[in-house]
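Undergrad: One structure coming up, written as C-alpha cells, with questions to follow.
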Amino acid sequence: MYRKLFELVSVVFQPLAMPTLIFMFLLFGLPDSEIGIGQANKLLIISVIFANTMIIPIGIIMVMRYTKVIPSLEMENNRERVFPFAVITLLYLITAYAFYQKDWMDYRLIFTMFVISICLILLTSISYFWKISAHMMGVGGLLGIVLAFSLLVQGFSLLHILLPVILLAGLIGSARLYLNAHTPIQVLGGLLLGFGVCFGSFYMVWI
C-alpha cells in the first residue's frame with residue numbers, strides 16, 4: 001500500500017509540475033497588489049507555463065523513450081538524464097525569454113522563470129557526474145520561493161501556504177527514499193540545490 005502511495009506522490013509531484021505550482025502561488029497565492037496582472041492574463045500565463053514546462057517536456061520524454069534515446073522513463077542512470085534535461089532546459093529558457101519580451105509581464109515573473117531555468121542548467125550539469133534528485137530540486141525551489149515571498153510581502157501572512165509546502169517536501173523526500181530512487185545524500189543535495197538557488201536569488205535581489 002505504501003509503495004503505491006509513494007509512486008503516486010512521485011508521479012503527481014514530479015519535477016515538471018513544480019513550475020506550474022510556483023506560478024500558481026505567484027499569481028493566485030499573493031495579494032493582488034504584489035503581481036499586478038489582470039485575471040485573463042493570469043490564466044494565459046498559467047496555460048503557457050503548464051504547456052511549456054510540463055506537457056511539452058513530457059511529450060519530448062515520451063518520444064525519446066519510444067525512439068529508444070533513453071532506455072526507460074525512470075532514467076535510473078545519471079548519464080541518461082543529461083540529454084533529456086538539456087532539451088527541457090532549452091525549452092525553459094525559451095519560455096523565460098518569451099516572458100521577457102512581453103512589456104506587460106511583471107518583472108518578478110520573468111525573474112522567477114529565469115531562476116527556474118538556472119536550476120535546470122545546474123541540474124543538467126550535475127547529472128553528468130552524479131544522480132541528484134530532480135524531484136527534491138523542484139520542491140526545494142518551490143519552498144525557497146514561498147519562503148522568500150513570506151519575508152518579502154509585508155502585512156500578509158503566507159504561513160498557510162508555507163507549512164503545506166514544507167510538509168510536501170517531506171512527503172516527496174520520503175517517497176524517493178522509500179522507492180529507493182535516491183540515497184539520502186542525493187535527496188538532500190536536490191533539496192539544497194533548488195532551495196539555495198531560488199531563495200538565494202530572491203534574497204540577494206529583493207529581501
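The values are calculated or read from the model by the stated rules, or taken from the named source; none is laboratory data. These figures come from a predicted structure and were not determined experimentally. Cβ coordinates were reconstructed from backbone atoms using ideal geometry, including for glycine residues, and neighbour counts include every protein chain displayed.
Undergrad: Looking for something without any contact (Cβ under 8 Å) to a residue 12 or more places away in the chain and either more than 19 Å from the chain's Cα centre (by Cα) or part of a helix (DSSP H, G or I) (or both) - is there at least one such residue anywhere in region 139-149?
TA: no
Undergrad: Filter region 6-35 down to the residues that are under 16 Å from residue 194 (Cβ atoms) and outside any helix (DSSP H, G or I) and list them by number.
TA: Matches in region 6-35: 13, 14.
Undergrad: Checking the structure you have, find out if any residue of region 125-147 is modelled with pLDDT of 95 or more, closer than 17 Å to residue 203 by Cα, polar (S, T, N, Q) and surrounded by 15 or more Cβ atoms within 10 Å (Cβ to Cβ).
TA: No, the conditions are met nowhere in region 125-147.
Undergrad: From 58, 49, which residue is among the β-branched types (Val, Ile, Thr), surrounded by 18 or more Cβ atoms within 10 Å (Cβ to Cβ) and either modelled with pLDDT under 95 or in a helix (DSSP H, G or I) (or both)?
TA: Answer to the selection: 49.
Undergrad: Just give me the residues in region 154-207 being outside any helix (DSSP H, G or I), under 20 Å from residue 112 (Cα atoms) and in contact with a helix residue (DSSP H, G or I) (Cβ under 7 Å, 6 or more places away or on another chain), in sequence order. Talk me through it step by step, then tell me what you get.
TA: Applying the first criterion (outside any helix (DSSP H, G or I)) to region 154-207 yields 154-158, 179-183, 206-207.
Next, only the ones that are under 20 Å from residue 112 (Cα atoms) stay: 154, 158, 206-207.
If the condition is that a residue be outside any helix (DSSP H, G or I), under 20 Å from residue 112 (Cα atoms) and in contact with a helix residue (DSSP H, G or I) (Cβ under 7 Å, 6 or more places away or on another chain), then 158, 206, 207 are the ones that fit.
Undergrad: Shifting gears a bit: Mind counting the residues in region 129-143 that are in contact with a His (Cβ under 9 Å, 6 or more places away or on another chain) and small (Gly, Ala, Ser)?
TA: Total meeting the criteria: 1.
Undergrad: I need the full set of residues from region 82-116 which are buried (at least 21 other Cβ atoms within 10 Å of the Cβ) and not hydrophobic (A, V, I, L, M, F, W, C), in order please.
TA: Across region 82-116, the qualifying residues are 89, 92, 95, 112.
Undergrad: For residues in region 36-46 being in contact (Cβ under 8 Å) with a residue 60 or more places away in the chain and part of a helix (DSSP H, G or I), which is nearest to the chain's Cα centre (by Cα)? Walk me through how you get there before you give the answer.
TA: Within region 36-46, the subset in contact (Cβ under 8 Å) with a residue 60 or more places away in the chain is 36-37, 41, 45.
Subset that is part of a helix (DSSP H, G or I): 41, 45.
Values: 41: 21, 45: 16 Å.
Looking at the filtered set, the residue picked out is 45.
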